[in-house]
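What follows is a set of notes on a single structure, which appears directly below.
No value in this document is a laboratory result; all are computed from the given coordinates. Remember, it's a predicted structure, so these values are computed and weren't measured experimentally. When we count neighbours, we look across all protein chains shown, and the Cβ atoms used for this are built from the backbone with ideal geometry, even at glycine.
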Amino acid sequence: MVEPNYIEETFGLLGKRALVTGGATGIGAAIAIALARAGADVAITTHASPGEDTAAAITAAGRQVRSLNADLASLDAAGAHVLVENLEAEFGALDILVNNAGIIRRADAAEHPQADWEAVMATNLDAIWYLSQAAGRQMCARGTGRIVMIASLLSYQGGIRVPGYTAAKHAVAGLTKALANEWAGKGVCVNAIAPGYIATANTKALREDPERSRQLLERIPAGRFGDPEDIAGAAVFLASPASSYMNGHILSVDGGWMAR
Ligand code: NAP
């Protein structure tokens, strides 16, 4: 039976608390603001960019905000545990973790610098594992929680000149399923979003290369690059009670790229 307040109760996040990594810019900023507008109090991690605009938008939505400056590339398991423990002590128990922060390094595979490989693995895979383990442990103990990974089309495909990024994003898809299997029965849903080509710093070089840009746009059925806001609704959905029977799913939000 669908209740009269179905939308509010099923898709709303009132009273929930979220942590969004990389919430200062791009997809992370759009997700953090959307979660706040859906009712959640939101903490973001920032890095080089200060995240003032995101924080102001969360406040304007009438929600609590916290900004934590953290270099996730140098995070280890103990550091993630302390980050989550301190945040929960000060802000309250986390209901939602969005593992969004990530970098991309482009260079031909044969010459791909070791430093680029390591930076991508540390940021796009290791930090996600540490934070998911630290937050997931608490969520499992409480019997409720949502973890949303930001995967990629390169969780399915090989990509060009981004071997570390592709390897890390494939691993994120695997980790999503592995954690979902263990934690679904404990009330913790772990899922991922695979964004298509979204207009952020991540794709700036591609979009500014006329030939690459033309090739990509021809291949996208929607005929345009996505906006960060195109990803936000899927994140609200995967953070909400509406998705409580979804576990280990990789949701493509890609203008039809994978359907082609
Ligand atoms: P973006 O604007 O560059 O966002 C990346 C975020 O991660 C930034 O806020 C950045 O902070 C943060 N970050 C990077 N290194 C960090 C570190 N060492 N410690 C802490 N934070 C760090 O690009 P985006 O497109 O929104 O990327 C967000 C996520 O979406 C990434 O995981 C990316 O792989 C994924 N994605 C993007 C696309 C796309 O087409 N744009 C497609 C598929 C997946 P600073 O800028 O302050 O360093």
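Could you tell me which residue of the range 136-166 is nearest to GLU85 (Cα to Cα), considering only residues that are touching a helix residue (DSSP H, G or I) at 6+ places or on another chain (Cβ under 8 Å) and more than 16 Å from the ligand (Cβ to nearest atom)? Show your work before the answer.
Looking only at the range 136-166, we keep the residues that are touching a helix residue (DSSP H, G or I) at 6+ places or on another chain (Cβ under 8 Å), and these are 136, 138-140, 143, 145-159, 161-166.
From what's left, more than 16 Å from the ligand (Cβ to nearest atom): 136, 138-140, 143, 145-146.
On the way: GLY136: 12, GLN138: 9, MET139: 12, CYS140: 15, GLY143: 17, GLY145: 16, ARG146: 17 Å.
Among those that are touching a helix residue (DSSP H, G or I) at 6+ places or on another chain (Cβ under 8 Å) and more than 16 Å from the ligand (Cβ to nearest atom), it is GLN138.
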Scan the range 28-60 residue by residue and report those that are surrounded by fewer than 19 Cβ atoms within 10 Å (Cβ to Cβ), away from the ligand (no atom under 13 Å from the Cβ) and among the hydrophobic types (A, V, I, L, M, F, W, C). ALA56, ALA60
Could you list all residues from the range 224-243 that are within 16 Å of the ligand (Cβ to nearest atom), assigned to a loop (DSSP other than H, G, I, E, B) and not basic (Lys, Arg)? PHE225, ASP227, PRO228
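Just the residues that are part of a helix (DSSP H, G or I) and either within 15 Å of the ligand (Cβ to nearest atom) or without any contact (Cβ under 8 Å) to a residue 12 or more places away in the chain (or both), please, taken from the range 70-83.
Filtering the range 70-83 down to residues part of a helix (DSSP H, G or I) leaves 72-74, 77-83.
If the condition is that a residue be part of a helix (DSSP H, G or I) and either within 15 Å of the ligand (Cβ to nearest atom) or without any contact (Cβ under 8 Å) to a residue 12 or more places away in the chain (or both), then LEU72, ALA73, SER74, ALA78, GLY79, ALA80, VAL82, LEU83 are the ones that fit.
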Within the range 181-198, the residues that are surrounded by fewer than 20 Cβ atoms within 10 Å (Cβ to Cβ) and touching a Gly at 6+ places or on another chain (Cβ under 7 Å) are ASN181, LYS186, GLY187
Could you list, in sequence order, the residues of the range 172-215 that are charged (D, E, K, R) and in contact (Cβ under 8 Å) with a residue 60 or more places away in the chain? LYS177
(1) on the phi > 0 side of the Ramachandran plot; (2) small (Gly, Ala, Ser); (3) surrounded by 19 or more Cβ atoms within 10 Å (Cβ to Cβ); (4) out of contact with any Pro (no Cβ under 7 Å at 6 or more places or on another chain): which one isn't true of GLY223, the others all being true? (3)
